[in-house]
Ligand code: LYS
């Protein structure tokens, strides 16, 4: 019993402290663990062959190649990523997190790796502006900046939350939602990919945001290694190439 208890305490301490690693420790191990979601096309998602892919996967791979280590990708539910990051489950997270004051209290953000905004999506003839959303049912992914924005809109009848962003799209198509608030590139891609040009429409941009990678609070050495590698990729043309491939445009912040 006593042994079991000791083992448990060791395990708990291990989980609590052991794994937040400095850049030096990561470099020595030769492998960096990257947390992402895998359900946010075209940024990070599993393709038809069940391979993790997307803009952020290409960018993450290019970053760690620049840093001279190997990536180990770990996909987890979006609303658990920053908590697991601080517990040392991953070394950094690249999962389209908008920089918000609240998140910045819990983790440290790199320089932004793209700029974007939250947009209203509805069926043709449906709500297009923040005002139109009064009295409407709006779907958003839980724990996102879209949820925060939707909850602040005056007069909205109900903000319905979903574990994954594509689940909200499903409900919009099924007529259970009046509108979906998501990333503008995600919305564009979903409409194109699923050939929904005749069914859905894009409305107003509700807010803009800077999106960045995150490291555990206080992990300064890893933060500066990532910032340096990102700056290098932005300078040497790699970033532009990856961005063109996924969006047909350069999505860096200007
Ligand atoms: N950019 C949004 C946010 O910061 C969405 C993140 C990804 C959601 N799958 O909350």
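Readers should treat all values here as calculations from the given coordinates under stated rules, not as data from a laboratory. Keep in mind the model is a prediction, meaning the values are calculated, not measured. Neighbour counts are summed over all protein chains in view; Cβ atoms, including those assigned to glycine, are modelled from backbone coordinates with ideal geometry.
Here are the numbers:
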quantity	calculated
Added length on full extension, which subtracts the Cα-Cα distance from 0.36 nm per residue, residue 231 to residue 61	59.7 nm
Unit Cα scatterers, Debye sum, the stretch 149-254: log10 I(q)/I(0) for q = 0.13, 0.18, 0.19, 0.23 Å⁻¹	-0.71, -1.05, -1.10, -1.27
Estimated translational D of the chain in µm²/s (Stokes, Kirkwood radius over Cα pairs; 25 °C; 0.890 mPa s)	127
For the chain, share of DSSP beta bridges that run antiparallel, in % to the nearest 5	65
Förster radius 22 Å - calculated FRET efficiency between residue 46 and residue 77, Cβ distance, rounded to 0.05	0.95
Cα-based helix-to-principal-axis angle, 238-247 vs the chain, degrees rounded to 10	30
Selected from 235, 210, 136 as most flexible by GNM, with the chain as the system and alpha-carbon contacts under 10 Å	235
Chain lengthening between residue 151 and residue 31 when straightened (0.36 nm per residue, less Cα-Cα)	39.2 nm
Selected from 207, 55, 40 as most flexible by GNM, with the chain as the system and alpha-carbon contacts under 10 Å	207
Folded to 0 to 90 degrees: helix 220-235 orientation relative to the chain principal axis, Cα	60
Förster-model FRET efficiency, 30 Å R0, residue 207 and residue 84, C-beta, rounded to 0.05	0.70
Fully extended contour minus Cα-Cα distance, from residue 247 to residue 220, at 0.36 nm per residue	6.6 nm
Among 166, 154, 42, residue whose mean-square fluctuation peaks in a GNM of the chain (springs only between Cα atoms under 10 Å)	154
Folded to 0 to 90 degrees: helix 184-193 orientation relative to the chain principal axis, Cα	70
Nearest-0.05 FRET efficiency for residue 167 and residue 192, computed from C-beta distance (R0 25 Å)	0.80
Euclidean distance between Cα centres, the stretch 175-202 to the stretch 101-131, Å	15
